Amino acid sequence: MATAPLPLDRFIARLLKQDPPRAKSLCVSLLGDALGPHGGAIWLGDLIELLAPVGINERLLRTSVFRLVAQDWLRSERHGRRSLYLMTERGLRDTARASQRIYEGPAREWNGEWTLVALPRVGNNGLAERAELRRELLWEGFGMVAPGLFAHPQTEASAAHAILDRLGIPDKALVLSARDLAGAGGLPIASLATQCWNLDDVAEQYRQFSRNFGPLEKLLDEAPAAPGQAFAARVLLLHGWRRIVLHDPQLPGPMLPDNWPGHPARELCARLYWKLFDASEAHLDALAGRENEGYRALRPAALARFGGRPALAAPPTGQAA
């Protein structure tokens with residue numbers, strides 16, 4: 001007689017049915033959250049085994065890995081009939097760039113300073129470059145306050161310069177620091193928040209995240225997750241969270257609407273993350289760490305995510321405190 005699925009297994013199955021993850025995007029979430037802090041190396045067979053419980057079959061995974069290699073996120077090494085995949089410098093750099101937004105979030109305080117990026121009008125020259133720069137700035141959270149003028153109240157100028165350097169166009173835009181002088185009678189730039197950023201859509205995504213993952217907290221309080229269950233739940237949790245926060249401009253508190261749903265959603269994600277962390281790390285160590293000299297002990301910086309590991313949660317055996 002078949003055994004009835006456990007409550008946590010049913011919860012994971014329901015999540016996968018409601019919102020099946022895309023293989024390549026899920027791989028990126030896994031690389032940044034779980035594998036990067038362990039050195040970023042894994043055998044292809046172990047990666048297949050890790051992601052099978054979250055709906056990614058071998059064919060989809062192989063296609064995704066091939067694309068990540070083509071995009072210089074991963075590189076491969078042949079060892080006989082086996083393939084070892086390692087995160088490249090670009091993969092490590094890009095995941096580190098995203099980590100601040102994923103795990104730390106925006107500062108609640110704001111000193112009123114803005115970073116501006118201005119694109120001078122140059123006729124029809126460089127249209128492709130300007131379009132790519134616009135995409136990069138919007139991804140970074142900048143809003144377009146006027147044609148050719150982008151602004152962000154949190155992002156440092158160094159981030160804008162890094163985008164220009166990465167695109168090979170450091171001399172095609174002006175990067176400025178500014179302060180709102182609306183006190184002299186002008187329009188407060190913060191009042192443009194709802195026009196420059198789609199906050200309603202982001203807010204609804206945060207509410208949906210809380211609806212989707214809120215029941216998980218009760219399940220984990222009632223019964224601890226087994227290592228495999230914990231890893232699957234952690235992957236889906238971070239994948240769902242990452243998809244939202246990387247599209248959130250992460251404006252400072254004074255510019256957000258009252259009762260911003262991103263705050264309780266982040267608190268929920270943090271609690272769930274640490275409830276799942278130890279068991280999920282045990283599963284990762286058991287699979288990704290076998291016969292893999294590139295697999296490293298967990299970097300201590302990972303324990304500072306979401307404000308740091310709760311004091312009552314002791315580090316698992318073999319991990320740094």
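The values are calculated or read from the model by the stated rules, or taken from the named source; none is laboratory data. From a predicted model like this one, the values you see are computed outputs, not experimental measurements. Backbone-built Cβ (ideal geometry, glycine too); neighbour counts: all protein chains shown. Protein only, heavy atoms only, side chains kept; ligands, DNA and RNA dropped before computing areas. Shrake-Rupley method; radii C 1.70, N 1.55, O 1.52, S 1.80 Å.
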**OP:** Please verify whether region 247-257 includes one or more residues that are in a helix (DSSP H, G or I), modelled with pLDDT of 95 or more, open to solvent by 40 Å² or more (accessible area, probe 1.4 Å) and in contact with a helix residue (DSSP H, G or I) (Cβ under 8 Å, 6 or more places away or on another chain).
**Re:** no
**OP:** Would you check if GLY148 is touching a Lys or Arg at 6+ places or on another chain (Cβ under 8 Å) and either modelled with pLDDT of 80 or more or within 26 Å of HIS263 (Cβ to Cβ) (or both)?
**Re:** yes
**OP:** Kindly provide the set of residues from region 53-81 that are charged (D, E, K, R) and on the phi > 0 side of the Ramachandran plot, ordered by number.
**Re:** ASP72
**OP:** State which residue pairs qualify: first residue charged (D, E, K, R) and inside region 271-290, second residue assigned to a helix (DSSP H, G or I) and modelled with pLDDT of 95 or more in any location, beta carbons under 6 Å apart, and separation of 6 or more residues or different chains.
**Re:** LYS275/LEU220
Subject >> Output for region 141-173, where each listed residue is without any contact (Cβ under 8 Å) to a residue 40 or more places away in the chain and open to solvent by 30 Å² or more (accessible area, probe 1.4 Å) >> reply: ALA146, PRO147, LEU149, SER158, HIS161, ALA162, ASP165, ARG166, LEU167, GLY168, PRO170, ASP171
Subject >> Selection count where residues are modelled with pLDDT of 90 or more, over 17 Å from the mean Cα position of the chain (by Cα) and not polar (S, T, N, Q), scope region 102-136 >> reply: 3
**OP:** Out of GLY39, GLY55, GLY32, GLY45, report the one residue that is buried (at least 21 other Cβ atoms within 10 Å of the Cβ) and not hydrophobic (A, V, I, L, M, F, W, C).
**Re:** GLY32
Original post:
Can you tell me which of ALA52, ALA34 is in contact with a Leu (Cβ under 7 Å, 6 or more places away or on another chain) and under 24 Å from TYR295 (Cβ atoms)?
Top reply: ALA34
Original post:
Looking at ALA203, ALA230, which one is in the same structural domain as ASP278 (by the TED database), in contact (Cβ under 8 Å) with a residue 24 or more places away in the chain and over 27 Å from LEU149 (Cα atoms)?
Top reply: ALA230
Original post:
Pick from region 294-311 the residues that are open to solvent by less than 70 Å² (accessible area, probe 1.4 Å), in contact with a helix residue (DSSP H, G or I) (Cβ under 7 Å, 6 or more places away or on another chain) and in a helix (DSSP H, G or I): which of them is farthest from GLY39 (Cα to Cα)?
Top reply: PHE306
**OP:** Return yes when LEU15 is closer than 30 Å to ASN212 by Cβ and either open to solvent by 20 Å² or more (accessible area, probe 1.4 Å) or in the same structural domain as ARG101 (by the TED database) (or both) and no when it is not.
**Re:** yes
**OP:** Out of SER83, SER99, report the one residue that is small (Gly, Ala, Ser), more than 21 Å from the chain's Cα centre (by Cα) and surrounded by fewer than 21 Cβ atoms within 10 Å (Cβ to Cβ).
**Re:** SER83
Original post:
Given the residues GLU136, GLU89, GLU58, GLU77, which is the only one that is of a type in the set (D, E, K, R) and outside the structural domain of LEU246 (by the TED database)?
Top reply: GLU136
Subject >> Enumeration of residues in region 174-211 that are crowded, with 16+ Cβ neighbours inside 10 Å, modelled with pLDDT of 90 or more and not in a helix (DSSP H, G or I) >> reply: VAL175
